[in-house]
Amino acid sequence: MVKENSNSINLLKEALEVVHSEIFDIRKENEDLKSKNEANLKRISELDDRLNDQDRYCRRWNLRLEGLTECAEDNVKARVMEICKEVVVEKDRNFVASNVDIAHRVGRSYDSGKERNQGRGEVRIGHSLHTNEEEFVIKRRDTVFQSLQELEIHCSQNEVPHIALLGSGGGQRAMVGLLGSLVELDKAGLLDCILYLSGVSGSTWCMASLYKEPDWSTKLDTVKDKIIKRLSGPEVSWGDAYAKLKKYHKKDNFSLTDVWAVMVVTEYVKEIDEQKLTDQWDQLSKDPFPIYTAIDKQCKQKKDGDPWFEISPHEAGYSLTGAFVETSSFCSQFDNGSKKKEQPEMDMLYLQALCGSALADKDEIFKSFWERIKEFFQHLIPIKEMNTLERKSEDPKAPPEEMYYQVLMDLVDMTVSVLNGEDTSELDQSIRKSLNDLFLSICTCMAKWIWGRNYNFLHKMRDEAVPAALLESETRDYEDAGLLLNSPYFSVLREERNIDLIISLDYSDGDPFMTVRETAEMCKKLNIPFPEVNIPCEDVKKPKDFYVFEGQNAPTVIHIPLFNVVNSGGKLRFYDVETWRKKYATFHHAYKAEMITDLMEFAGKNISNNREKLLEQIRVVVGRKGHN
């Protein structure tokens, strides 16, 4: 009997243990569900807030497009309805109210108004982002949000900051320096926090190399090694370069930018990249949104109109004016906003030349360019002799190829004579007798100093929102933005991009603060929000490695000069700064492998040494967005 009771008790104990275990599991599952429910409720609340913010944003901008002013606190829908009451009879007000609400949220179609998005290949006027860019920003914000969580910077979706990384000009110094900076940003876990990557001149060469690799930011070590191997490898052959130049010469608008692409850019990037910018970009890209920048030469010279020009995977156009065309149609001919003549989309080699053609001042370019042309055709003589033998069998009257080289020498002599103020009529006669079309085109472009000539997609348009200076000429000339400002600030200062934090990587030669100081001055004149920039006098010759500029209702700007007193162990004196600048001069033969890796390490230190400071500034920006 006792034995049976003991067995029963043991069975009950086992049963109770099972029940207790089940109770524990149920409680745990219940707690998990409660936690998930709370998270979902919080997420729903955040999405509601975001939806309301976006709704208010659309309403305010649609109101602005009609020329009405408003304050952030205004109930803009109520204001529109007040206006409607004054012009609509009472019986129609309910119908009007419903339609006004829809139009005010999603905008309205414009027959000839201020916002035109007429479809592929045509011109768009308006201060808004391209639809594809808007979609990218929404997706990229999720990536940034996840990255911030991993960095233990906790925020809501609404508080995700828009961070832009700027690469200045500086030839191959900027190209290699930007690569080194990006590698360290990746190691620091900060690369996925970047929404936009914008470049000038040499930095665009780095960008072109990166974006030819899909999702490069997810495999940067591999991509970096591939780029270094190419940059330290053999140059493009003279024969391939000449073949490419002949292709460029067939375009409607041939300029020194085409020659520069083939003769100079290839010397540094070591390839002829015939990819198109629109081919490189996948809407599902995991990389920051790329913006290549240039300037309108005529606007810069005449100080009339909007000189700031940007080229993204989706559209090209004037950043501040808000006048854009599909990137694939940028080179095509337009009349009153409609495509008149199709032209091939520019390739990446030409884009790199368009953005990176100011490696020195005009006199130095002129001298070096002629030397490069001379060298170019010297190397072509053996190639041409082979072609001559083939053509001689077909046409015994074909002129000897050495004649072309003599023409080149005459051109050099003619240039010197012009500079010396001497009579060139005899040389001119001699050249014209023997010059073929390609050489004549180069000569003409050199004489007139024609760079970056393309059809003007705004030609003959009638729109009050566009400066008259941009509407008149059939063609426009575009050149390196470094000739006006050596950092692409204005591409990210477009109000519709809503940038909260700018990280400026400055690889400029000379004054390491010129770009940020001049930007502040220009923004003041243009009434664009930008923080005040005050640099201690002693820092100009002995710059530190990290500066922060803040202002009310303006993006925070972090400025990082390449060569500074910190990234070489604090021992870098003024003359050492100059030594480094001379070693990595803007106008320098292509770097060898050792120079490339040394410079990448140098630039990378500016990131690794300041990781905590960068995180701190991101936290400050997130906190400010949360407070607002």
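Every read-out reported here was derived from the displayed coordinates using simple, explicitly stated rules and does not represent laboratory data. Here the structure is a predicted model, which is why all the values come from computation and not from measurement. Ideal geometry is used to build each Cβ from the backbone, glycine not excepted, and the neighbour counts take in all protein chains shown.
Just a few scattered comments:
- Neighbourhood charge, 12 Å Cβ-Cβ cut-off, centred on Val200 and excluding it, Lys, Arg +1 and Asp, Glu -1: -4
- Amide H to amide H distances under 5 Å link Glu122 with Glu326, where only residues 5 or more positions off or on other chains count and H is placed in the peptide plane.
- From phi via Karplus (6.51, -1.76, 1.60), per-residue ³J(HN,Hα) for region 185-201 in Hz, x at Gly/Pro: 4, 5, 4, 7, x, 9, 5, 6, 7, 7, 8, 10, 10, 10, x, 10, 6
- Each part reduced to its alpha carbon centroid, region 172-193 and region 509-550 end up 22 Å apart.
- Across region 346-353, computed HN-Hα scalar couplings (Karplus, 6.51 cos²θ - 1.76 cosθ + 1.60, θ = phi - 60°) run 4, 8, 5, 5, 5, 4, 5, 6 Hz from first to last residue, x flagging Gly and Pro.
- Tensor-based shape of region 207-332 (alpha-carbon gyration tensor, a/c under 1.5 rounded, otherwise prolate or oblate): oblate
- Exposure proxy order (Cβ contacts within 10 Å, fewest to most) of Trp238, Trp216: Trp238, Trp216
- Under 12 Å, Cβ to Cβ, from Lys524 - net charge with Lys/Arg +1 and Asp/Glu -1: -1
- Counting other Cβ atoms within 10 Å as a rough exposure proxy, the listed residues Glu474, Glu184, Glu213 run Glu474, Glu213, Glu184 from fewest neighbours to most.
- Measuring between their Cα centroids, region 249-323 and region 117-168 lie 21 Å from each other.
- Residue exposure sequence - Ser357, Ser128, Ser35 - by fewest surrounding Cβ within 10 Å: Ser35, Ser128, Ser357
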